[in-house]
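Read-outs: derived from the displayed coordinates by stated rules, not from any lab. Every value quoted in this text rests on a predicted model; they were computed, and no experiment measured them. Because the Cβ atoms are built from the backbone with ideal geometry, glycine has one as well, and the counts that use them run over all protein chains shown.
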2 protein chains.
Amino acid sequence: MKKETRREEIIRVAAKLFKEKGFSAVTMRDLAAEMGIKAASLYNHINSKQDILNDIIISLAEAFTEGMKLIQSSNKNCIDKLKQIIELHVKLSSQNVYGMASLNNDWMHLDEKLKYYQKLRIDYEDDFRSILKEGIASGEIINVKPDVMMFSILTTLRSLYIWIPKKEELNLKELSSTLSQILITGINK
Amino acid sequence: MKKETRREEIIRVAAKLFKEKGFSAVTMRDLAAEMGIKAASLYNHINSKQDILNDIIISLAEAFTEGMKLIQSSNKNCIDKLKQIIELHVKLSSQNVYGMASLNNDWMHLDEKLKYYQKLRIDYEDDFRSILKEGIASGEIINVKPDVMMFSILTTLRSLYIWIPKKEELNLKELSSTLSQILITGINK
DNA sequence: GTCTATACGAAGATAGAC
DNA sequence: GTCTATCTTCGTATAGAC
């Protein structure tokens with residue numbers, strides 16, 4: 001794999017700080033200190049603090065969009081598509097725990113990219129809801145409000161970043177299948 | 001009901017702004033403007049910006065703790081206790097949508113109250129987990145990792161504030177029971 | 001690629017008049 | 001209870017030397 005550029009290193013470290021305190025509470029001096037350099041030096045690699053946030057959030061949002069498009073175009077049934085969505089969230093969240101925090105909590109601080117981000121998010125949710133509605137129509141899924149189902153599943157998946165780093169072992173395959181069981185078939189006997 | 005004091009009004013308006021932009025991104029000048037006064041005037045009613053956050057978060061966290069203690073001391077079975085927890089979250093979240101945002105996203109900006117908040121949260125999660133473990137022992141609940149179950153249910157409940165204000169009708173009883181169905185018995189047929 | 005020096009504005013908060 | 005005026009610190013960002 002390619003060596004990490006200085007810019008990528010800055011963005012990675014920034015995401016970690018953003019997760020701990022949020023975008024607004026992290027200063028360029030904080031970030032520089034964490035990198036072991038002076039704040040002014042950061043500007044040789046990035047244009048602005050905003051640019052860092054844009055990069056973190058948009059690249060992740062696009063990864064989710066791409067994953068969803070792949071799942072949609074598959075010929076699986078709806079329950080299997082849901083399982084694939086769960087796997088997608090587990091995979092992307094575990095690969096980029098810090099970025100997921102910004103995606104969830106700091107998207108409102110995007111500037112030029114805000115509209116674009118919001119479109120990606122709405123499209124993603126529309127695709128998700130479509131899968132649930134198909135499942136209801138085909139009889140695979142219970143006929144209760146798809147909005148509430150989507151909200152329930154998606155907020156769990158979107159919060160994975162909070163919780164994944166706390167688990168030592170972290171067998172991702174196992175986590176995906178446990179989550180699938182809980183989210184799809186429930187917890188009662 | 002008692003008339004809202006100026007201090008309570010400030011805290012209510014602050015919580016609304018904190019939900020939109022986060023604690024760190026809201027300035028005392030923003031808050032004053034929203035109140036129709038000057039920033040200096042705020043300090044006749046509150047001691048500091050920190051104080052506002054403390055008030056918002058701690059009062060909510062204590063309400064959750066109180067609710068959990070009541071549920072625990074009841075003689076219901078575990079599934080019914082879970083349903084009561086869901087009702088508790090729906091109730092408190094709908095009563096204080098803005099405060100829930102701070103509770104979820106800005107708790108790390110607490111100062112003196114941080115330790116106390118963290119204790120309340122950990123105790124709450126311990127109580128929640130105990131209920132799940134009892135349910136597993138009694139055969140009411142499937143025998144999969146209680147941590148993953150708790151995470152899944154609790155993150156959904158903690159995110160209700162994002163979603164509740166978007167629903168026009170908002171029949172709280174109905175929302176609680178739909179959520180109970182989805183979270184407890186799953187979504188598959 | 002990093003530094004020092006610095007510009008410029010905005011932050012939280014206080015003093016004291018009305 | 002609110003105002004104006006102000007203090008002090010800290011924010012992002014740039015210029016130019018090394």
Quiz item: By its C-alpha gyration tensor, with a ≥ b ≥ c as the square roots of the eigenvalues, how is segment A:48-185 shaped: rounded for a/c under 1.5, else prolate for a/b larger than b/c, else oblate?
Solution: oblate
Quiz item: Which of these, B:82, B:70, B:120, has the largest mean-square fluctuation under a Gaussian network model of chain B (Cα springs below 10 Å)?
Solution: B:70
Exercise. Let me know the shape class of the protein assembly as shown, please: from the alpha-carbon gyration tensor, a ≥ b ≥ c as square roots of the eigenvalues, rounded when a/c is under 1.5, otherwise prolate if a/b is greater than b/c, or oblate.
Key: oblate
Practice problem: Would you mind checking the pairs A:19/B:16; A:167/B:173; B:3/B:76; A:21/B:189 and listing those with alpha carbons more than 31 angstrom apart? | Solution: A:167/B:173; B:3/B:76; A:21/B:189
Quiz item: Given a Förster radius of 35 Å and the C-beta distance between residue B:108 and residue A:77 as r, what FRET efficiency does 1/(1 + (r/R0)^6) yield to the nearest 0.05?
Solution: 0.25
Quiz prompt | Which of A:35, B:100 has the fewest Cβ neighbours within 10 Å, and the rest in rising order | solution = A:35, B:100
Self-check item: Shortest-first distances to equivalent copies, position residue A:167, nm, label 7 Å out along Cβ
Solution: 2.8
Quiz item: Which helices of chain B meet both criteria: a Cα extent of 30 Å or more along the helical axis and a mean Kyte-Doolittle score no lower than -0.5, with helices taken as whole DSSP H segments?
Solution: B:49-72
Quiz item: Within the set A:49/A:81; B:119/B:145; A:69/B:133; A:83/B:145, which residue pairs have Cα atoms separated by over 27 Å?
Solution: A:49/A:81; A:69/B:133
Practice problem: Taking each label point as 7 Å beyond Cα in the direction of the beta carbon, state the distances from residue A:66 to the same residue in the other copies, shortest first, in nm. | Solution: 5.0
Practice problem: Would you mind ranking B:155, B:65, B:27 so that the residue whose beta carbon has the fewest other beta carbons within 10 Å leads the list? | Solution: B:27, B:65, B:155
Quiz item: By count of other Cβ within 10 Å, fewest leading, how are A:113, B:81 ordered?
Solution: A:113, B:81
Quiz prompt | Cβ charges +1 (Lys, Arg) and -1 (Asp, Glu), total dipole of segment A:48-185, debye | solution = 220 debye
Quiz prompt | Cα shape, segment A:119-189, gyration tensor, a/c 1.5 rule | solution = oblate
Quiz item: Sorted from shortest, what are the nm distances separating the label point of residue B:189 from equivalent points in the other copies, each placed 7 Å from Cα along Cα to C-beta?
Solution: 2.8
Quiz item: Once label points are set 7 Å from the Cα along Cα→Cβ at both residue B:170 and residue B:143, what is their separation, rounded to one decimal in nm?
Solution: 4.4 nm
Self-check item: Of B:22, B:153, B:88, farthest towards positive along the dipole that unit charges on Lys, Arg, Asp, Glu beta carbons give chain B
Solution: B:22
